[in-house]
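A.B. asks: Below you will find the structure I want to go over with you.
What follows draws every value from the coordinates through simple rules; no lab data is involved. Every value quoted in this text rests on a predicted model; they were computed, and no experiment measured them. Ideal geometry is used to build each Cβ from the backbone, glycine not excepted, and the neighbour counts take in all protein chains shown.
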Amino acid sequence: MNPILVLNAGSTSLRFALFGPVRQGTRLLEGSFSGIGRPLGRLDVRRGPGDAFRQETLALPDQESCLTHLLRVLKSHPEGGSPSAIGHRVVHGGSRLSLPTPVDPSVLEELRRNIPMAPGHLPGSVALLEWCGSLFPGVPQVACFDTCFHRSLPDVATRMAIPRRHFDRGIRKYGFHGLSYSGAMEQLRDLGEPAATRGALVLAHLGGGSSLAAVRDGVCIDTTMGLTPSAGLPMGTRAGDLDPGLPGYLARTEGMSPLEFEHMVHHESGLLGISGISPDMVELLGREESEVGAAEAIACYCREAKKRIGAYAAVLGGLDALGFTGGIGGNCPTIRTRICEGLGFLGVDLDPAANAANAPRISSNRSRVTVRIHVADEERQILLGVESALALPAGASTNAG
């Protein structure tokens, strides 16, 4: 059996991994394309365990152009021939699709219908599925949805305070970053963390897109993102939650159309909008002392994350564990420190040295709440989804990373 190819597409990035068919094997290949749609993008590739990443600067106008280079990379690997299956991260499956699903024309049509819910993500996902179908005819593809982790949300957590007829049409909270959260839960179970199966846990996926999830007894009961991946916390360029009167106000005072408003809240807001400088947290931290906008953006971001942790502790009836993941959550000690400052009343106490070192556990010995960093491994979760959707035999592909 040939290897399984996993594709994890973002709005401006595409990560990939090739998993071998040998029981207890490792990744044969992994890498990423970044800067898609910008003047110059980058390809990072690691061609085996222990190998260093190799970098190339490339023109990457769209995700289809990435596939041309990916084919070249696959052919350069001894086991990189035609894959036996392809797994995809798909952000939104709407009300009908949530479990890992083999892709056929009816699934593609459903995804097209859902594009208004995730206009920044789904068009690229649909195109990628179609391109892969053309490049690898006959190879099964599986869509793994970021909403799957949140299927357990109670009805009260999914409803918006708008007329019921809209809920009946599928307008409700779905939640996202589910593959990341599933990976964090798997890590916690492997560590024997009690809160993974019994207790109160808050997970924070902090990155270009940011969200939090409240988990009780191993089941998600609330999350910050809603109908679309734009709700909740402020993000790199996304606004997060806003006053619902704002679109009407800007329409009356500035003549802003719905499409102009949508572009603003998706592409010109968040850290970029507040700072007026950049959506990149690392850059903002470097300019915090000299630029008021950078300092204000960081302060707003941390304050909103702290507020949601406190709110979820109230919903959960306490807090036993707190987990950070994502590019910011896993790599920015300063941000974790500021978010956790003032949470001592919940029992959160960080170990400064462990936090500075991005250690797996960053809470102190006296902390009542266990605080951990989780390395996001969405590609592994996609692989598991492929195996379950296609009912692959045990050992047919690796689960290791």
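A.B. asks: Only Lys, Arg, Asp and Glu count, each charged at its Cβ (+1, +1, -1, -1), so figure out the dipole size of the range 188-320 about its Cα centre, rounded to 20 debye. Can you show the working numbers first?
C.D. replies: Working: 10 positive and 18 negative charges, 96 e Å.
Roughly 460 debye, rounded to the nearest 20.
A.B. asks: From the alpha carbon gyration tensor of the range 267-401, can you work out the equivalent ellipsoid semi-axes (sqrt of 5 times each eigenvalue) and give them in Å, largest to smallest?
C.D. replies: Details: eigenvalues 191, 97, 44 Å².
After scaling each eigenvalue by five and taking roots: 31, 22, 15 Å.
A.B. asks: Considering only the other residues whose Cβ falls under 11 Å of the Cβ of S182, what net charge follows from Lys and Arg at +1 and Asp and Glu at -1? List each step's numbers first, then the result.
C.D. replies: Numbers: positive: R189, R380; negative: D146, E186, D377, E378.
Charge balance in the 11 Å sphere: -2.
A.B. asks: Taking the highest mean first, how do the peptides 238-247, 59-68, 295-304, 87-96 order by number of other beta carbon atoms within 10 angstrom per residue?
C.D. replies: On the way: 238-247: 15.4, 59-68: 17.4, 295-304: 19.0, 87-96: 23.1.
The densest-packed peptide leads the list: 87-96, 295-304, 59-68, 238-247.
A.B. asks: Quote the relative contact order of the range 62-187 in percent (integer), defining contacts as alpha-carbon pairs under 8 Å separated by 6+ residues. Intermediate values should be presented prior to the final figure.
C.D. replies: Values: 140 pairs, mean separation 37.9, N = 126.
Reported relative contact order: 30 percent.
A.B. asks: Further question on the same structure: What is the chain by shape, rounded, prolate or oblate, if you read a ≥ b ≥ c off the alpha carbon gyration tensor as root eigenvalues and call it rounded for a/c under 1.5, prolate for a/b larger than b/c, and oblate otherwise?
C.D. replies: On the way: a/c = 1.39, a/b = 1.22, b/c = 1.14.
Rounded, because the longest to shortest axis ratio a/c is under 1.5.
A.B. asks: Report the FRET efficiency, 1/(1 + (r/R0)^6), for A359 and S106, where r is their Cβ-Cβ distance and R0 is 45 Å, rounded to 0.05. Kindly include the intermediate steps, with their values, before the conclusion.
C.D. replies: Values: r = 47 Å, r/R0 = 1.04.
After rounding, the FRET efficiency stands at 0.45.
A.B. asks: Which of the aspartates and glutamates could a cross-linker bridge to K307, judged by Cα under 18 Å and excluding same-chain residues fewer than eight apart?
C.D. replies: Filter leaves D222, D241, D243, E296, D320, E341, D349.
A.B. asks: Which residues in the range 27-44 have a backbone N closer than 20 Å to a point placed 7 Å from the Cα of L58 along the Cα-to-Cβ line?
C.D. replies: What the label zone holds, given the 20 Å backbone N cut-off, is 28-44.
A.B. asks: Could you state the number of Å between the C-alpha centres of the range 33-66 and the range 284-311?
C.D. replies: 30 Å
A.B. asks: Taking the DSSP beta bridges in the chain as the whole, what percent of them are antiparallel, to the nearest 5?
C.D. replies: Values: 37 of 56 bridges.
Counting DSSP beta bridges with both partners in the chain, the antiparallel share is about 65 percent.
A.B. asks: Now for a separate question. From Cα pairs below 8 angstrom and at least 6 apart in sequence, can you work out the relative contact order of the chain, rounded to a whole percent?
C.D. replies: Numbers: 826 pairs, mean separation 65.2, N = 401.
Result for the chain is 16 percent.
A.B. asks: Run lengths n ≥ 4 of DSSP H only: what is the helix-derived mean residue ellipticity at 222 nm for the chain, with -39500 (n - 2.57) per run over all residues, to the nearest 500? Each step should come with its number before you reach the end.
C.D. replies: On the way: 15 runs with 145 residues, N = 401.
So the helix-based figure for the chain works out to -10500 deg cm²/dmol.
A.B. asks: How high is the relative contact order of the range 321-375, given as a whole-number percent (alpha carbon pairs under 8 Å, six or more residues apart)? Write down the numbers at each step before the final one.
C.D. replies: Working: 93 pairs, mean separation 23.1, N = 55.
It comes to 42 percent, rounded to a whole number.
A.B. asks: I'd like the FRET efficiency for R252 and L285, computed as 1/(1 + (r/R0)^6) with the beta carbon distance as r and R0 of 51 Å, rounded to 0.05. Don't jump to the answer; show the numbers that get you there.
C.D. replies: Numbers: r = 38 Å, r/R0 = 0.74.
About 0.85, to the nearest 0.05.
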